[in-house]
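The structure appears below as structure tokens.
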Amino acid sequence: MADGFLNRHGVKTVINVSGTMTALGASRAGPSVANTMAEVLPHFVRMSELQAAASRLISLITGAQAGCITACAASGVVAAVAGCMTGSDLSKIEQLPDTTGMKNECILQRGHAVDFGAGVEQMIRLSGATCVEVGSINACGAYQVEGAVTDRTAAAVYVVSHHTVQSGLVSLAHFVEAAHCHGVPVVVDAASEYDLTGFLAAGADIVVWSGHKFLGGPTSGIVAGTEELVRATYLQEHGISRCMKVGKESVAGAMTALEDWQERNHAAVRAAEDARIAAAEQALAGLAGLATAREEDPTGNPITRLRVTVDPKATGMSAFELSRMLAAGDPAIQVRDHHVDRGYFLLDPCNVTDDEMTTVCTRIAECLLRPTAVTTPTDNLADLRAGALRSWPQ
Ligand SMILES: *Cc1c(COP(=O)(O)O)cnc(C)c1O
């Protein structure tokens, strides 16, 4: 059992009320995914044949001409941008990241140059491409996308994410129109989006999702698009993608997660998640110094989260301090803490059980009874997080 293994090595499990986070092991894969992975592990298969089966399944589900599985969404973006530069020319694939003789510019709206745990812009550069950022952080027009196209433009990347600036930027439809009128293919990073068909329908040439976010698969990426570009993406396995290789167990696990997704009763899952949020709202209602509000997912994924705002004067602690106490406690609890420097965190209902959500609320109440004397300033959140990273493995 996993608990046995984790115990033996002194690793704690974490109650994940933050959504799907790579730093917490991504998702809680269900038994069908785990069983499939165990089923294929003892066997040899031709990976090209397994990936061709994945291509058929991805086509069926997304409506794309073809698809493949990558190590993760980030590696899917790297390989897709690489594919836009090399096509299926193996000599070019082997030449990367040296792009001499290839179109090597990749357009990205500045408001899409986000950090999802690493930077989108770095993923583009990792392929060997030069990232050409257009517009301002909060304003970009299709004319600026078109104005950035040169005879060296190989691709344009569009990011759909709660991390990006949510207004003032070019919509996907206009972005695609601007790119396509110059023959530039559009790669969409839709890593944590539920929509498996809309971006392709809007004209994207290649779309990348995480297999381990809402899909609940193993760590993996799902790529769908035109046959030509998906082939060029897949063939990077003979070049730069070799060091981001996906194994047979992950391809099989991601395929099973896709099949499960098609069969899932989405309305029932949503209702259970909403009930969890309602329960948390009620449990936290009486606590002095806390205010709660429901928040819809910014990109339209069907998720309602609970925003918990902490009044430092009334509670004697900041949202950051409270989230840190929850993380350090037993059981360890991770809240969605992107905006603790704004005085709040979110509770995400997708990866917790009803009992775990009850535990989270009980623990919040307990922490509020024991404010610490420290109040860490949060005007430098990125530095605080970097500081914590530097002490690994301690
Ligand atoms: C999570 C995320 C990624 C990375 O996905 P992985 O599958 O973990 O590599 C990339 N882009 C965006 C917008 C994300 O949210």
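Every number in this text was worked out from the coordinates using simple rules, so none of it is lab data. This is a predicted model, so every value here is computed, not measured. Methodologically, a virtual Cβ is constructed for each residue, glycine included, from the backbone with ideal geometry; neighbour enumeration extends over all protein chains shown.
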Among 213/248; 92/245; 92/248; 12/313; 213/313, which pairs are too far apart, with a Cα-Cα distance over 29 Å? 12/313; 213/313
Cα centroid separation, region 315-331 to region 175-246 (Å): 38 Å
Amide H to amide H under 5 Å from residue 134: which residues, 5+ apart in sequence or cross-chain, H placed 1.01 Å off N in plane? 108, 109, 110
Just how far, in whole angstrom, is region 293-309 from region 339-373 if you go by their alpha carbon centroids? 15 Å
For the chain, find the longest principal axis of its Cα atoms and tell me its angle to the long axis of helix 354-369, 0 to 90°, nearest 10. 50 degrees
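Where Lys and Arg each count +1 and Asp and Glu each count -1, what net charge lies around residue 32 among other residues with Cβ under 15 Å from its Cβ? Can you show the working numbers first?
Details: positive: 28, 264; negative: 39, 249, 259, 260, 263.
Net of charged neighbours comes to -3.
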To check you understand DSSP bridge types, tell me what percent of the beta bridges within region 157-291 (both residues inside) are antiparallel, rounded to 5. 45 percent
Positive end of the charge dipole of the chain (Lys, Arg +1 and Asp, Glu -1 on Cβ, about the Cα centre): tell me which of 117, 171, 312 has its Cα farthest that way. 312
With +1 on the Cβ of every Lys and Arg and -1 on the Cβ of every Asp and Glu, the dipole magnitude of the chain about its Cα centre, in debye rounded to the nearest 20, is 660 debye
For the chain, whose charge dipole is built from +1 on Lys and Arg Cβ atoms and -1 on Asp and Glu Cβ atoms, the candidate among 374, 42, 333 with its Cα farthest towards the positive end is 374
Nothing charged except the Cβ atoms of Lys and Arg (+1) and of Asp and Glu (-1): what's the magnitude of the dipole of region 20-171 about its Cα centre? Round to the nearest 20 debye. 260 debye
Give a residue-ordered list of calculated ³J(HN,Hα) values for region 36-41 (Karplus: 6.51 cos²θ - 1.76 cosθ + 1.60, θ = phi - 60°; whole Hz; x for Gly, Pro). 4, 5, 5, 5, 8, 4
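Just how large is the dipole of region 278-394 about the Cα centre, in debye to the nearest 20, putting +1 at every Lys and Arg Cβ and -1 at every Asp and Glu Cβ?
Numbers: 11 positive and 16 negative charges, 62 e Å.
With Lys and Arg at +1 and Asp and Glu at -1, about 300 debye.
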Ellipsoid semi-axes in whole angstrom, largest first, where each is sqrt(5λ) of the Cα gyration tensor of region 273-360: 19, 15, 13
With θ set to phi - 60° and the Karplus curve 6.51 cos²θ - 1.76 cosθ + 1.60, what are the ³J(HN,Hα) couplings of region 204-212 in order, to the nearest whole Hz, using x for Gly and Pro? 4, 8, 8, 10, 10, 10, 7, x, 10
Taking the 0 to 90 degree range and rounding to the nearest ten, how far is the long axis of helix 266-284 tilted relative to the main principal axis of the chain, both from C-alpha atoms? 30 degrees
Per-residue ³J(HN,Hα) for region 260-265, Karplus 6.51 cos²θ - 1.76 cosθ + 1.60, θ = phi - 60°, Hz, x for Gly and Pro: 4, 4, 5, 8, 5, 7
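At a 10 Å Cβ-Cβ cut-off, how would you order 182, 163, 9, fewest neighbours first? Kindly include the intermediate steps, with their values, before the conclusion.
Details: 182 15, 163 19, 9 7.
Listed from fewest to most nearby Cβ atoms, that is 9, 182, 163.
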For the chain, with the dipole built from +1 on Lys and Arg beta-carbon atoms and -1 on Asp and Glu ones, taken about the Cα centre, which of 156, 394, 221 lies farthest toward the positive end? 394
How big is the gap, in Å, between the Cα center of region 249-279 and the Cα center of region 26-54? 18 Å
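Please order 391, 210, 136 by the number of other Cβ within 10 Å, starting at the fewest.
Neighbour counts put them in this order, fewest first: 391, 136, 210.
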